[in-house]
Ligand code: SAH
């Protein structure tokens, strides 16, 4: 589940006088992939059209909800923090941020109220007057001999930085990759089963295998298996102990019976097959 909504709903991307509707669509797509959805346009040369929808590739809900303004001041109404993006490093000193700091600040302030990231015209970017309406400038470090990204590519980087920063700050990364390791008692049950199987199969002498078992504990503790993985391992141990028969598969799938045997007479199988896993 995506819990980014609350803060992300207060972050708007403002595109100033965009010329190509395709770019508006591509920005919508860039935003939606990262969980952002508030797109504002200032004096767009053309309103979102079929090309914009095509380039949005499924993010047309953002285009349908787009807010169009006659000027930048109107588009920034209610915003407590405004960051303007620029492909150029300006001659006039203005507080500037790298994309990661920009994301941190926007997220921190979005916890308190509305914030905006402003993107400029394809040809000429933002004017000095427009930049002067921003608290900070943000510049994506690029090749000094070729600084300018496509509008939607820049939007993608800003949107990704917002998502990445939010995930780190809220521990989402850990939550998404976390598994549920089997609890201690399940591990003990497994180790007992393992020891018994080693004895039953003649692999080791129970009286002599304490050190070996400690090594195996170390191995499985390192892997921290979850319950499903533990069930698989225990299923293999049961099979090694002779508590499962290959015939159980042929009973439910006659076409897999070994050559020369009549599947209808196969017996001793477990009709559930390996469905448990
Ligand atoms: N020739 C223009 C480039 C505009 S690119 C100029 O010199 O400003 C269109 C928009 O994409 C820019 O206004 C800015 O919002 C964004 N953008 C492109 N490259 C960028 C970069 N390296 N850093 C920050 N924003 C960038």
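Rule-based calculations on the coordinates, nothing more; no lab input. These figures come from a predicted structure and were not determined experimentally. Because the Cβ atoms are built from the backbone with ideal geometry, glycine has one as well, and the counts that use them run over all protein chains shown.
With an 8 Å cut-off on Cα pairs and a minimum separation of 6 or more residues, tell me the relative contact order of the stretch 184-244 in percent.
Relative contact order of the stretch 184-244: 49 percent.
Any chance you could give the angle, 0 to 90 degrees and rounded to 10, that helix 184-200 forms with the longest Cα principal axis of the chain?
That helix lies at roughly 40 degrees to the long axis.
Quick check: the angle from helix 99-110's long axis to the longest principal axis of the chain, C-alpha only, nearest 10 degrees?
Value to nearest ten degrees: 90.
The stretch 105-169 to the stretch 4-41: how many Å between their Cα centroids?
Using only Cα atoms to place each centre, the spacing works out to 11 Å.
Return the FRET efficiency for the residue pair residue 33, residue 9: r is the Cβ-Cβ distance, R0 is 22 Å, and the value is rounded to the nearest 0.05.
In this case the efficiency is close to 0.85.
Rounded to the nearest 0.05, what FRET efficiency do residue 218 and residue 112 give with R0 = 35 Å and r taken as the Cβ-Cβ distance? Could you check?
Computed FRET efficiency for residue 218 and residue 112: 0.10.
Measuring from a point 7 Å past the Cα of residue 132 along Cα-to-C-beta, which residues in the stretch 56-85 have an amide N at less than 15 Å?
72-73
Under 10 Å, Cα contacts only: if you run a Gaussian network model on the chain, which one of 206, 21, 95 comes out with the highest mean-square fluctuation?
206
Points 7 angstrom from Cα along the Cβ direction at residue 200 and residue 172: gap in nanometres?
Result for the modelled spin labels: 4.7 nm.
Sort 148, 238 so that the residue with the fewest other Cβ atoms within 10 Å of its own Cβ comes first and the one with the most comes last.
238, 148
Which parts of the stretch 179-207 would a label at residue 234 reach, counting a residue when its backbone N lies under 11 Å from a point 7 Å out along Cα-to-Cβ?
Within reach of a label on residue 234: 183, 185-194.
Could you check the simple spin-label distance between residue 186 and residue 207, using points 7 Å along Cα→Cβ, in nm with one decimal?
3.6 nm
Can you tell me how the stretch 184-244 classifies by the Cα gyration tensor, rounded, prolate or oblate, using a/c under 1.5 as the rounded cut?
Note, shape of the stretch 184-244 comes out oblate.
Do the sum for the chain: with -39,500 (n - 2.57) for every DSSP H run of n ≥ 4, divided by all residues, what is the mean residue ellipticity at 222 nm, to the nearest 500 deg cm²/dmol?
Estimated from H runs of four or more residues: -13000 deg cm²/dmol.
Of all DSSP beta bridges in the stretch 5-176, what percent run antiparallel (nearest 5)?
10 percent
Using the Cα gyration tensor of the stretch 68-167, with a ≥ b ≥ c the square roots of its eigenvalues, what is the shape: rounded (a/c below 1.5), prolate (a/b larger than b/c) or oblate (neither)?
It comes out oblate by the Cα gyration axes.
Compute the acute angle (0 to 90°) between the alpha-carbon long axis of helix 151-169 and the principal axis of greatest extent of the alpha-carbon atoms of the chain; round to the nearest 10°.
Approximately 50 degrees, to the nearest 10.
Could you work out how much longer the chain between residue 243 and residue 164 gets when fully extended? Use 0.36 nm per residue separation minus the Cα distance between them, nm to one decimal.
Full-extension gain reported as 23.5 nm.
Using 0.36 nm per residue, how much length does the chain from residue 94 to residue 142 gain when fully extended, once their Cα-Cα distance is taken away?
Taking residue 94 through residue 142 to full extension adds about 15.4 nm, to one decimal.
Quick one: 226, 180, fewest Cβ neighbours within 10 Å first, how do they rank?
Ranking 226, 180 by Cβ neighbours within 10 Å, fewest first, gives 180, 226.
Just check the chain against the gyration tensor rule for me: Cα atoms, a ≥ b ≥ c as the square roots of the eigenvalues, rounded for a/c under 1.5, and otherwise prolate or oblate depending on whether a/b exceeds b/c.
prolate
Among 105, 55, 222, what is the fewest-to-most ranking by other Cβ atoms within 10 Å?
Ordered from fewest to most neighbouring Cβ atoms within 10 Å, 105, 55, 222 come out as 222, 105, 55.
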